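Single-structure report; data block below.
Computed from the coordinates by the stated procedures, all read-outs in this text should not be read as laboratory data. Quick caveat, the model's predicted, so the values are computed rather than measured. FYI the Cβ positions are ideal-geometry reconstructions off the backbone, even for glycines, and counts take in every protein chain you see.
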Amino acid sequence: MKNFTIIAEIGCSHIGNLERAKHLAVLAKLAGADYFKTQKRNPYESIKKELWDKPHPNQIFSYGKTYLEHRINIELSIEEHAELKQCCENINIEYATSVWDITSTKEIIDLNPKFIKIPSALNCNETIFDYLINNYKGPIHISLGMINKKEKEELCKKLIKHKDKIVIYHCTSGYPVPFEQLYLNEIINLNKIFPNVGFSNHGFGIAAEIAALTLGAKYFERHFIDDRTFKHSDASASIEPQGLAKMIRDLKAIEKTLKYKPDELELIEIEQRNKLRII
C-alpha cells in the first residue's frame, strides 16, 4: 500500500468548459491519481484592476480581448464546480481546488472538498488563511512558491501553530521550471518542521518526483493535461495521462526500495551465496 498522495492539477485548462473538465477528471482517474484538482477564482477580486483592460500578456493563450475577459471566459461557476465534484465522486476520485479570493474561498468551503489549497500567489494572504482556519474543518494545502527566504521563514512561523492541519508544498513557480531551479533539498528543511510535506512540480519529465520521494515528500501535485500542445499557458509544464501513469508506477516501485537491508540474508542472496561463494 502506497504512503503518498498524487494530485492531478488541471488549473483552468478546462477553459471554462465543464464537459472538458469532466473528461480530464476521467483521464486523471484512469492514470491513477488520488485527487483531481482545479482552481476557483472570482476574476473581479483575484485580478489586479490595472490588468483588467489590458490584453493577455501572451496572446497565443488568450480566450478574450482583455485579460479580465480572458479570466471570465475560462472560469467555472460554483454550480459547475459542484457538478464537477459530483462527477469525481461518481468515478471514485477525490475533488479539490485552489481558491484565489475570499468569495471563492467561501463558495468552496460550502462544497466541503477533502482539502482546499492556497496557491503560491496567495500564500501570504492572511485574510484567506484565517478564514479557512476558522471556517473549514479539512486540511489546508499551501505552496511556497513566489516568496523569498525571509518571507518563507515568517510564513512558516505562522503555519507551525496549525501544522497538523497543514500540508506544505515546496514549489518553484515557473511554467516550466528548469531542473537546476527545482531546489529539491528544501524538502529536507520542511520535513524538520512540518509532518506533511509535498512537492508541487512545474518542471519537466517525471524524474524529480522520485528524488522528492527519497527526500521525504508525501504529496505530489503535478499539472496535468490531455495534450501538451493545448492552447493554455500551463500546458508546457504539464504531463499527459501516460506520463502521469508512469510517474505513479515509478513512485510505487521506488517506495518499496526505501528500507534498510535485514540482518540476515534473504533467499534471493542465499541461493547465490550457495552457488558462488567459495569460502
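Answer with one residue from PRO195, SER77, ILE93: the one whose Cα lies farthest towards the positive end of the charge dipole of the chain, charges on Cβ with Lys, Arg +1 and Asp, Glu -1.
Selected residue: PRO195.
Between their Cα atoms, which of LYS106/LYS161; LYS149/LYS252; LYS150/LYS256; LYS65/LYS149 are more than 30 Å away from each other?
From the list (LYS106/LYS161; LYS149/LYS252; LYS150/LYS256; LYS65/LYS149), the Cα-Cα distance tops 30 Å for LYS149/LYS252; LYS150/LYS256; LYS65/LYS149.
How would you rank LEU51, LEU215, going from fewest to most other Cβ atoms within 10 Å of each one's own Cβ?
Listing LEU51, LEU215 from fewest to most nearby Cβ atoms yields LEU51, LEU215.
Can you tell me which of 1-8, 81-88 comes out highest on packing, and rank the rest after it, using the mean Cβ neighbours within 10 Å?
With the highest mean Cβ count within 10 Å placed first, the list reads 81-88, 1-8.
Rounded to two decimals, what is the ratio between the C-alpha radius of gyration of region 117-201 and 2.2 N^0.38 Å?
Cα-based Rg divided by the globular estimate yields 1.05.
List, in order, the whole-Hz ³J(HN,Hα) value for each residue of region 146-161 obtained from phi through the Karplus relation with A = 6.51, B = -1.76, C = 1.60 and θ = phi - 60°; use x for Gly and Pro.
Ordered by residue, 3J(HN,Hα) equals 6, 10, 7, 4, 5, 4, 5, 4, 5, 5, 5, 4, 6, 6, 4, 5 Hz.
Could you give me the ³J(HN,Hα) list for region 249-266, computed from phi with Karplus coefficients 6.51, -1.76, 1.60 and θ = phi - 60°, whole Hz, x at Gly and Pro?
So the J values, rounded to whole Hz, are 4, 5, 4, 4, 5, 5, 4, 5, 7, 7, 8, 7, 6, x, 5, 9, 5, 9.
Within 10 Å, count the other beta carbons around each residue, average over each peptide in 263-275, 225-237, 35-47, and list them highest first.
Per-residue Cβ counts within 10 Å, averaged per peptide and sorted highest first, yield 35-47, 225-237, 263-275.
Where does the charge balance sit around ILE270 when Lys and Arg score +1, Asp and Glu -1, over other residues with C-beta under 13 Å from its C-beta?
Local charge sum for ILE270: -1.
With θ set to phi - 60°, apply the Karplus curve 6.51 cos²θ - 1.76 cosθ + 1.60 along region 209-223 and write out the HN-Hα couplings as whole Hz, x wherever there is a Gly or Pro.
Karplus-based 3J(HN,Hα) across region 209-223 equals 4, 4, 4, 4, 4, 5, 8, x, 5, 10, 10, 10, 9, 9, 4 Hz.
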